[in-house]
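Below is one structure, written out as structure tokens; the observations come after it.
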Amino acid sequence: MRDESRTERQREIEAVAYRLIRERGYGGVSMLAIAKEAKASNETLYRWYGSKRGLLAAMVERNAQATADTLQSAIEDGRDAISTLEGIAPILLSMLLGEKAILLNRAAASDETGELGATINLAGRSTVFPLIETLIARGIADGELNAPSAREATEWFLCLLIGDQQIRRVIRTLEQPSEAEIGARAASAVSAFRKLCGD
């Protein structure tokens, strides 16, 4: 199978997996059920992903990479750090509070091995955090921002932006925010970060 065809087929399979996890929960979904719904062979799923946990890990990585690519494009526009943060904050918050991320986090919460949770943590930290840290480091170097370190300032920014919103979505005490609500929270977070670190 050509790489393009395989990638497209994997996207189809993963879309089915998201739907089944939403309907049945992580524990109620098997590789066989996903294979049947996706009209794929069970052997193909095991060959490509190794296990149900491997499939979910691939979904985590694809979701994180899509967000990282979008953030990278915004950062490469070359605008100042605060303006760039204003642009990327709603994108990042939408991803973190969106259905895919929430379904994956709920799956991780029910995975008693902790492996899926570790994968989610690594994917987020290894793809998204360094991009924001690099941007903030640029702002510090340019004299636009003032903070003890880019790493610490990145932690502050993410805390202001996300707070307890994602965990509240995971435990079903918060509905998916509207685009307007995402925009308002993102703007508030950037405003607070500007007051905290603006030079």
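The values are calculated or read from the model by the stated rules, or taken from the named source; none is laboratory data. Keep in mind that this is a model prediction, so the values were computed, not measured. Here Cβ is always computed from backbone atoms with ideal geometry, including for glycine, and neighbour counts include all displayed protein chains. SASA here: full protein model, heavy atoms, side chains in, ligands and nucleic acids out. Shrake-Rupley method; radii C 1.70, N 1.55, O 1.52, S 1.80 Å.
A few comments on the model shown:
- Taking each residue of the stretch 116-136 that is over 14 Å from LEU92 (Cβ atoms) and looking for partners that are open to solvent by 30 Å² or more (accessible area, probe 1.4 Å) and of a type in the set (A, V, I, L, M) with beta-carbon atoms closer than 8 Å, six or more apart or interchain, yields GLY117/ALA109.
- Every pair of residues 6+ apart whose Cβ atoms lie under 6 Å, when the first sits in the stretch 24-36 and is assigned to a helix (DSSP H, G or I) while the second is open to solvent by 50 Å² or more (accessible area, probe 1.4 Å): TYR26/SER110; GLY27/SER110
- Applying the condition of being among the charged types (D, E, K, R) and surrounded by 16 or more Cβ atoms within 10 Å (Cβ to Cβ) to the stretch 86-118 and asking which residue is nearest to ARG185 (Cα to Cα) yields GLU86.
- Hey, LEU56 surrounded by 15 or more Cβ atoms within 10 Å (Cβ to Cβ) and not β-branched (Val, Ile, Thr) or not: yes
- Pairing each residue of the stretch 157-175 that is open to solvent by 30 Å² or more (accessible area, probe 1.4 Å) with any residue that is aromatic (Phe, Trp, Tyr) and outside any loop (DSSP other than H, G, I, E, B), provided the two are 6+ apart or on different chains, yields C-beta distances under 6 Å for LEU160/PHE193.
- From the list ARG19, ARG11, ARG6, ARG47, the lone residue that is open to solvent by 50 Å² or more (accessible area, probe 1.4 Å), farther than 20 Å from PHE157 by Cα, at pLDDT below 90 and in a helix (DSSP H, G or I) is ARG6.
A quick yes/no check of all residues on (1) of a type in the set (Val, Ile, Thr); (2) within 20 Å of GLY78 (Cα to Cα); (3) modelled with pLDDT of 95 or more; (4) under 16 Å from the mean Cα position of the chain (by Cα):
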position: ALA101; (1), (2), (3), (4): no, no, no, yes
position: ASN105; (1), (2), (3), (4): no, no, no, yes
position: ALA109; (1), (2), (3), (4): no, no, no, yes
position: LEU116; (1), (2), (3), (4): no, no, no, yes
position: THR119; (1), (2), (3), (4): yes, no, no, yes
position: ILE132; (1), (2), (3), (4): yes, yes, no, yes
position: SER149; (1), (2), (3), (4): no, no, yes, no
position: ALA184; (1), (2), (3), (4): no, no, yes, no
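- Scanning the stretch 169-196 for residues that are assigned to a helix (DSSP H, G or I) and either among the hydroxyl-bearing types (Ser, Thr, Tyr) or at positive phi (or both) yields a count of 2.
- Here the condition is being assigned to a helix (DSSP H, G or I) and open to solvent by 50 Å² or more (accessible area, probe 1.4 Å); of SER83, SER73, it holds for SER73 alone.
- Members of the stretch 47-69 found to be closer than 17 Å to THR113 by Cα and touching a Leu at 6+ places or on another chain (Cβ under 8 Å), listed by number: ARG53, LEU55, LEU56, ALA57, VAL60
- Within the stretch 146-156, considering residues that are in contact (Cβ under 8 Å) with a residue 24 or more places away in the chain and outside any helix (DSSP H, G or I), the one nearest to GLY25 (Cα to Cα): ALA147
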